[in-house]
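Right, one structure below, let's go through it.
The values are calculated or read from the model by the stated rules, or taken from the named source; none is laboratory data. Note that the structure is predicted; figures quoted are calculated from it, not measured. Virtual Cβ from ideal backbone geometry, glycine too; neighbours counted across all protein chains shown. The area values use the complete protein model at the heavy-atom level, side chains included, leaving out ligands, DNA and RNA. Shrake-Rupley method; radii C 1.70, N 1.55, O 1.52, S 1.80 Å.
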Amino acid sequence: MDASLVFLDADYQNQDDLFHKMAAWLEKHGYVNEQYQSALRQREEQFPTGLRIPGHQLAIPHTDSEFIKKPGLVFVRPSRPLQFLEMCTGSPVEAEMIFMLLVKNKQDQMPLLSGLMSRFSDAGLMDRLSQEKDPEVIARLLDTCTGSH
């Protein structure tokens, strides 16, 4: 994983602000097209991605591959949790870590999601991701989740 896709302690007013700022950065750096932000927002409204795991609340927003130019995994740890809705229940989740999936090839989405989901049960890893200050270390830790080395 590229450490430039690790964003720590940034201030976002809410989910829309996060989506707006991240979409602008990702488009500027060639990861997504100009429709990405609206597609991401629309998909999040239809299929919420908030997730509660023991000790942490997360979100894994993503959208269809047609809006992605270059694959990647974006890790955002905002300065304060952002509200998402929980997948399945629709209950509010205060996401302290956000994993934005940039999947270019549709067939890669399920392996990436299942790799992440299986690692979300690793309490030590999740605690480390919630506290680590070095983007390079976070990138290496996330490589173990996604199978990229």
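Inside segment 61-90, can you point out the residues that are of a type in the set (S, T, N, Q) and either part of a loop (DSSP other than H, G, I, E, B) or surrounded by 14 or more Cβ atoms within 10 Å (Cβ to Cβ) (or both)? Quick ask: steps written out before the conclusion?
Within segment 61-90, the first condition is being of a type in the set (S, T, N, Q), and the residues that meet it are 63, 65, 79, 83, 89.
Selection gives Thr63, Ser65, Ser79, Thr89.
Could you tell me which of the residues Glu44, Glu94 is open to solvent by less than 70 Å² (accessible area, probe 1.4 Å) and charged (D, E, K, R)? Even if it seems obvious, please write down each step before you answer.
Numbers: Glu94 fails: open to solvent by less than 70 Å² (accessible area, probe 1.4 Å).
Sole residue among the options that is open to solvent by less than 70 Å² (accessible area, probe 1.4 Å) and charged (D, E, K, R): Glu44.
Just checking, which of Arg43, Arg80 is touching an Asp or Glu at 6+ places or on another chain (Cβ under 9 Å), more than 14 Å from Phe19 (Cα to Cα) and of a type in the set (Lys, Arg)? So that I can check it myself, show each step before the final result.
Details: Arg43 fails: more than 14 Å from Phe19 (Cα to Cα).
So the residue among Arg43, Arg80 that is touching an Asp or Glu at 6+ places or on another chain (Cβ under 9 Å), more than 14 Å from Phe19 (Cα to Cα) and of a type in the set (Lys, Arg) is Arg80.
What are the residue pairs meeting all of these: first residue in segment 79-97, first residue within 14 Å of Phe120 (Cβ to Cβ), second residue of a type in the set (A, V, I, L, M, F, W, C) and in a strand (DSSP E or B), Cβ atoms under 6 Å, and 6 or more apart or on different chains?
Glu86/Val93; Val93/Phe84; Ala95/Leu58; Ala95/Ala59; Ala95/Leu82; Ala95/Phe84; Met97/Leu58
Name every residue in segment 124-149 that is open to solvent by 60 Å² or more (accessible area, probe 1.4 Å), modelled with pLDDT of 80 or more and in a helix (DSSP H, G or I), in order of residue number.
Selection gives Asp127, Arg128, Gln131, Glu136, Arg140.
If I ask for residues that are closer than 19 Å to Leu8 by Cβ, assigned to a strand (DSSP E or B) and of a type in the set (A, V, I, L, M, F, W, C), which ones from segment 91-121 would you list?
Result: Ala95, Met97, Ile98, Phe99, Met100, Leu101, Leu102.
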